[in-house]
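What follows is a short report on a single structure.
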Amino acid sequence: MTIPPPANDRVPARIGPGALVLVVGPSGAGKDTLIAGARTLLADDDRVVFPRRIVTRPPDATEDNDTLDEAEFDILVRLDRAALWWRAHGLGYALPRAIDEAIGAGRIVVANVSRRVVADALARYARVTVVFVTAPPEVLAARIAARGRESGAAIAERLARSSEALPAVPSLVVIQNVGDPEVGAQRLADVIGDLAAATR
């Protein structure tokens with residue numbers, strides 16, 4: 001007979017039965033715009049959760065988030081109080097631990113994250129769908145400039161990072177967000193709605 005390993009050496013079960021929808025893509029692709037549109041379309045569906053990200057930057061007109069300063073963010077990470085966290089563009093980002101409870105209850109959680117945490121999410125959650133939102137380089141540059149947060153060199157740096165490879169994922173949806181954003185928002189809402197229907 002095979003003797004099982006000690007309990008503390010066992011690989012923990014991934015969180016389910018709900019699902020996590022990770023919206024990823026380059027800066028300027030319109031990820032937050034499509035998420036906001038999908039949220040409106042799914043406003044009456046209480047199976048779907050759109051958590052506020054935690055960011056080490058105050059919210060503005062283009063980003064609705066909860067804010068921590070750098071010291072508070074370091075404590076959050078050190079005490080393992082975030083479901084997922086990453087750093088990008090000199091800032092700290094995280095998703096609250098509350099998403100674990102929502103997914104465990106069978107709900108669909110939708111969040112804008114970095115491609116760098118996709119592998120961590122796949123290891124943590126039983127059902128992960130990645131939605132890759134993108135657009136041509138000239139469209140990305142114009143959208144980043146319109147936000148007014150970065151200038152020439154910073155914009156060029158963000159565009160250079162847009163070529164980062166996406167980790168291999170079992171479920172990937174690509175949305176070319178060019179033209180009417182309502183089209184992309186509807187596509188995202190359809191993906192979310194299909195997942196919600198499958199978890200009934």
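No other residue among 84, 68 is open to solvent by less than 70 Å² (accessible area, probe 1.4 Å), among the hydrophobic types (A, V, I, L, M, F, W, C) and within 12 Å of the chain's Cα centre (by Cα) apart from 84.
Contact annotation: residue pairs with Cβ atoms under 9 Å, 6 or more positions apart or on different chains, pairing a residue in region 123-143 that is more than 11 Å from residue 31 (Cα to Cα) and modelled with pLDDT under 90 with a partner that is assigned to a strand (DSSP E or B) and not β-branched (Val, Ile, Thr), are 136/176. Within the set 52, 97, 47, the sole residue that is under 23 Å from residue 185 (Cβ atoms) and within 15 Å of the chain's Cα centre (by Cα) turns out to be 52.
I need the full set of residues from region 47-73 which are free of Cβ contacts under 8 Å to residues at least 40 places away in the same chain and in a loop (DSSP other than H, G, I, E, B), in order please. 56, 57, 58, 59, 61, 64, 68, 69 - these are the residues of region 47-73 that are free of Cβ contacts under 8 Å to residues at least 40 places away in the same chain and in a loop (DSSP other than H, G, I, E, B). Within the bounds of region 27-42, is there any residue that is more than 17 Å from the chain's Cα centre (by Cα) and either in a loop (DSSP other than H, G, I, E, B) or farther than 26 Å from residue 140 by Cβ (or both)? Yes: region 27-42 contains one or more residues that are more than 17 Å from the chain's Cα centre (by Cα) and either in a loop (DSSP other than H, G, I, E, B) or farther than 26 Å from residue 140 by Cβ (or both).
The selection criterion, being more than 25 Å from residue 168 (Cα to Cα) and surrounded by fewer than 15 Cβ atoms within 10 Å (Cβ to Cβ), does not hold for residue 123. Residues that are at pLDDT 95 or above and either open to solvent by less than 80 Å² (accessible area, probe 1.4 Å) or among the small types (Gly, Ala, Ser) (or both) within region 176-185 comprise 184, 185, listed in sequence order. Scanning region 86-120 for residues that are closer than 16 Å to residue 192 by Cβ and either among the β-branched types (Val, Ile, Thr) or assigned to a helix (DSSP H, G or I) (or both) yields 99, 102, 103, 108, 109, 110, 113.
The values are calculated or read from the model by the stated rules, or taken from the named source; none is laboratory data. For clarity, every value in this text was computed on a predicted model and none was experimentally measured. All Cβ positions, glycine included, derive from the backbone under ideal geometry; neighbour counts span all protein chains shown. In case anyone asks, the SASA skips ligands and DNA or RNA and just uses the protein heavy atoms, side chains included. Shrake-Rupley method; radii C 1.70, N 1.55, O 1.52, S 1.80 Å.
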